[in-house]
Amino acid sequence: MANKAKKVRKPQIVLWRLRHDLRTNVIATHCSPEVDSLCWLYQGGVPLGSGYLAVNWPKKNGLELAHVAAYKLFKGKIPPGKRVVHKCETLHCVRYDHLKLTSPEK
């Protein structure tokens, strides 16, 4: 019987997973489910004048809109020329299936 070599994880992958989990945790711990609309209302972060809330990522040079951060965490990168909008029209919602990509209006 041949011994299988133990798979060693690269430090970059482990670090990325840790950062990913910490960011997901930031969204999850400041969120409360809305029973009527099934939205996940983000209640932490920095209020912006537009009615949106922003997440302050440590060591990431500034603020990011909470719904944009949630989209990136759960669905991936945002293609150039696209923006994230709410299907549910609730500005504080960070539920991934309530968010969609659209082209900016001119």
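From L91, L63, which residue is more than 18 Å from E34 (Cα to Cα) and under 16 Å from the mean Cα position of the chain (by Cα)?
Criteria check complete, one pass: L63.
Counting just the residues of region 48-58 that are of a type outside the set (F, W, Y) and surrounded by 10 or more Cβ atoms within 10 Å (Cβ to Cβ), which one comes out modelled with the lowest pLDDT?
Of everything passing the filter in region 48-58, N56 is modelled with the lowest pLDDT.
In region 60-106, which residues are β-branched (V, I, T) and assigned to a loop (DSSP other than H, G, I, E, B)?
I78, T90, V94
Here is a list of conditions, (1) under 25 Å from E105 (Cβ atoms); (2) in contact with a helix residue (DSSP H, G or I) (Cβ under 8 Å, 6 or more places away or on another chain); (3) among the hydrophobic types (A, V, I, L, M, F, W, C), and L48 meets all of them except one; can you say which number that is?
Status for L48: all satisfied but (2).
Identify, from the list K87, K77, the residue that is in contact with a helix residue (DSSP H, G or I) (Cβ under 7 Å, 6 or more places away or on another chain) and exposed (fewer than 15 other Cβ atoms within 10 Å of the Cβ).
Exactly one of K87, K77 is in contact with a helix residue (DSSP H, G or I) (Cβ under 7 Å, 6 or more places away or on another chain) and exposed (fewer than 15 other Cβ atoms within 10 Å of the Cβ), namely K87.
Mind telling me which of the residues V14, V35, V68 ends up being modelled with pLDDT under 65 and aliphatic (A, V, I, L, M)?
V14
The values are calculated or read from the model by the stated rules, or taken from the named source; none is laboratory data. Because the structure is a prediction, the values reported are computed rather than measured. Cβ atoms come from the backbone with ideal geometry, glycine included; neighbour counts cover every protein chain shown.
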